[in-house]
Amino acid sequence: MTDELVILIYVTIDANMARHMLPPLGLIYLGTVLRVHGITTRIFDFQHETASWSAVEKAVSDAKHCMVGFSCDSNNIYRVLHLSDRLLSRFPDLKIVLGGPHVTHRWEPYVAERRIIVRGEGEYPLLLLAEHFLRGKGGLRDIPGIAYCMGSKVCSNPISMGLFEDVDAIPFPDYTFLDPLEKYIPAVVTGRGCNHRCYFCSEGSQNHRLRQRSIQKIEEELRALKAFHHGRIPYLFFTDDTFTISPRRVHELCDVLDRIFPDKSRFSFFCGGRVDILAKHPELIYRLKKAGLLHLQIGIESSDRTIKD
Ligand code: B12
Ligand code: SF4
């Protein structure tokens, strides 16, 4: 029997039958911080058709103290609610934590007596919740960005206290959570937040200002990731929304990629970019291509004001 266990769950509407998929990077970051603090953590990724609900229920019932966290986007929220209700009805002492982009914006309908919401970046709040519920330490009032019920009252703590100022201090994602490794496309995020305020976007509509990791840390992480993948990364996915936000930084990142992946016949990558920056600095596209760019995702804005509004 495990004494203390945190289970983190990523569900999609349907199991993804693709041969390769992206890792649930947010949950891996959370799990890493919990592990660093000695809390046993398991991630169940339901993108795999092999992930099983009975294994989740068994893990919960085998643990002495357990907390379950779900990652929520607007796509999966109803499935998350259905599954969390099922767990709550079967395990009367269990606490459920919901986090991720959907509940960061819309949390009021989902907070409940045993269902706590974490808004924004979750590493620090989740760790404090685990300390509180599994180890009886600290109080809910001091945990940044959470919403919870205290008797009949709903309390919500300010989110800004939970933002990482020093993003270099966040531990590298623990790749051993990726199982089986071959199923996953290696993915890296080079910063948190965004300075733009596009109000249709979940990044822009919250005060998650951009905080970029140092080039040195990114290089270190890429080297570790390459070693973990036995020296072979045919395709790398940068999950940033803001990869191209600074032309100088794009050059620095491409230099890093050239150092680590000099053979471009065996390496390519994906990143996202903004049209305005690329239009002003078209040379960046050539630099990215030279470094191995295969896919570039850009948002196309409507020119119609009524659609934008
Ligand atoms: C990579 C990515 C994908 C990948 C999925 C990768 C995967 N397996 O996770 C792909 C390309 C498949 C994808 C698809 C979609 N995506 Co997408 N995606 C992203 C992207 C660009 C990066 C995600 C990431 O790695 N972030 C980095 C990690 C560190 O951050 P994070 O995941 O947000 O996690 C942190 C917090 O949110 C929080 N947290 C997250 N989960 C939990 C759980 C708990 C318990 C706690 C406490 C905290 C917590 O703590 C984490 C660490 O700080 C984000 C944009 C973004 N900047 O995040 C959009 C984003 C998540 N996607 C979005 C959307 C809309 C979609 C689609 C619905 C698009 C579509 N129409 O098909 C689909 C849905 C996929 C699905 N679930 O079925 C929206 C979600 C908005 C919303 N309101 O829900 C985002 C935010 C884009 C945006 N800016 O609007 N996506
Ligand atoms: S630039 Fe992209 S990530 Fe930033 S707020 Fe706008 S749509 Fe969102």
Over what distance in Å are the Cα centres of the stretch 229-275 and the stretch 127-182 separated?
30 Å
For the stretch 220-267 the trypsin sites (Lys or Arg not before Pro) that pass both the DSSP coil test and the at-most-11 other-Cβ-within-10 Å test are ARG232
³J(HN,Hα) computed for each position of the stretch 40-53 - Karplus, 6.51 cos²θ - 1.76 cosθ + 1.60, integer Hz, glycine/proline x
5, 9, 10, 10, 10, 9, 7, 5, 7, 5, 7, 5, 10, 5
Compute the relative contact order of the stretch 184-309 as a whole-number percentage, counting only Cα pairs closer than 8 Å that sit 6 or more residues apart in sequence.
23 percent
On C-alpha positions alone, give me the angle between the axis of helix 123-135 and the longest principal axis of the chain, in degrees, nearest 10.
20 degrees
Taking H as built 1.01 Å from N, whose amide H comes closer than 5 Å to the amide H of PHE243, not counting residues under 5 places away?
GLY272
If I fit a long axis through the Cα atoms of helix 25-36 and take the longest principal axis of the Cα atoms of the chain, what angle between them do I get, 0 to 90°, rounded to 10?
60 degrees
Gap in Å between the Cα centre of the stretch 1-60 and the Cα centre of the stretch 189-205?
26 Å
Between the alpha-carbon centers of the stretch 69-110 and the stretch 282-304, tell me the distance in whole angstrom.
36 Å
Under the rule a/c < 1.5 gives rounded, and otherwise a/b versus b/c splits prolate from oblate, where does the stretch 2-163 land using the Cα gyration tensor?
rounded
Within a 10 angstrom radius of the beta carbon, how do TRP53, TRP107 rank from fewest other beta carbons to most?
TRP53, TRP107
For a quick check of your reading of the filter: which trypsin sites (Lys or Arg not before Pro) in the stretch 11-93 sit in a DSSP loop and have no more than 12 other Cβ atoms within 10 Å?
ARG19
For LEU293, what residues show an amide H to amide H distance below 5 Å, using hydrogens built from the backbone and excluding near sequence neighbours?
PHE269
Rounding to the nearest 10 and keeping the result within 0 to 90°, find how far the Cα-based axis of helix 77-90 lies from the longest principal axis of the chain.
30 degrees
The chain, Gaussian network, Cα under 10 Å: of GLY292, GLY38, GLY151, the residue fluctuating most is GLY151
Please list, by residue number, every one of the GluC sites (Glu not before Pro) in the stretch 68-170 that is coil in DSSP and has at most 12 other beta-carbon atoms within 10 Å.
GLU113, GLU165
Relative contact order for the chain using alpha-carbon pairs under 8 Å, separation at least 6, rounded to a whole percent?
13 percent
Simple spin-label estimate for LYS217/TYR78, 7 Å along Cα→Cβ, in nm, reads 3.9 nm
Could you work out which residue, out of VAL97, VAL154, VAL33, moves most in a Gaussian network model of the chain, that is, has the largest mean-square fluctuation with Cα springs under 10 Å?
VAL154
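Since every read-out is calculated from the coordinates, none of them should be taken as a lab result. This one's a predicted model, so the numbers in the text were calculated from it and none came from an experiment. As a convention, Cβ positions derive from the backbone with ideal geometry for all residues, glycine included, and neighbour counts pool all protein chains shown.
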